[in-house]
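Inspection log for the structure reproduced underneath, given as structure tokens.
The values are calculated or read from the model by the stated rules, or taken from the named source; none is laboratory data. In this text the structure is predicted, and so the values were computed from the model without any measurement. Here the Cβ positions follow ideal geometry from the backbone for every residue, glycine too, while neighbour counts run over all protein chains shown.
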Amino acid sequence: MRRAVGRAAGVAVAVLSGLALAATSTTAQAATDPDVIAHRGSSGMAPENTAAAIDLAVRQRADYVEIDVQRTKDGKLVNFHDCTMQRTTDIEDLYPNR
């Protein structure tokens, strides 16, 4: 049951983020124009999956913002793209035997 509640919370965060952005975006866009989806916010110009990246994507007029949610080993939900911390940290150097 706890896992289903956590998954629902993660989905709710993603949906609400998309709805909030959609409410602030322009409706004058032609139907044939592609949607601009900011994956992890404006992650090329701000730290990915952060409020700063999401705010910047909104200011840059992205149609949608998509964030990544991962479940930690203890069942907590976090905004994080990868399944491990290897790409974004020096975790392997700090804890080589994990």
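Looking at the stretch 69-94 only, could you name the residues that are of a type in the set (D, E, K, R) and in contact with a helix residue (DSSP H, G or I) (Cβ under 9 Å, 6 or more places away or on another chain)?
R71, K76
Give the number of residues within the stretch 41-70 that are surrounded by fewer than 16 Cβ atoms within 10 Å (Cβ to Cβ) and either farther than 30 Å from N97 by Cα or touching a strand residue (DSSP E or B) at 6+ places or on another chain (Cβ under 6 Å) (or both).
Total satisfying the criteria: 9.
So which residues in the stretch 43-98 are within 24 Å of D33 (Cβ to Cβ) and either in a helix (DSSP H, G or I) or among the basic types (K, R) (or both)?
Selection gives A53, I54, D55, L56, A57, V58, R59, R61.
Take the residues in the stretch 73-88 that are surrounded by 10 or more Cβ atoms within 10 Å (Cβ to Cβ) and modelled with pLDDT of 80 or more; name whichever of them is farthest from E48 (Cα to Cα).
Selected residue: G75.
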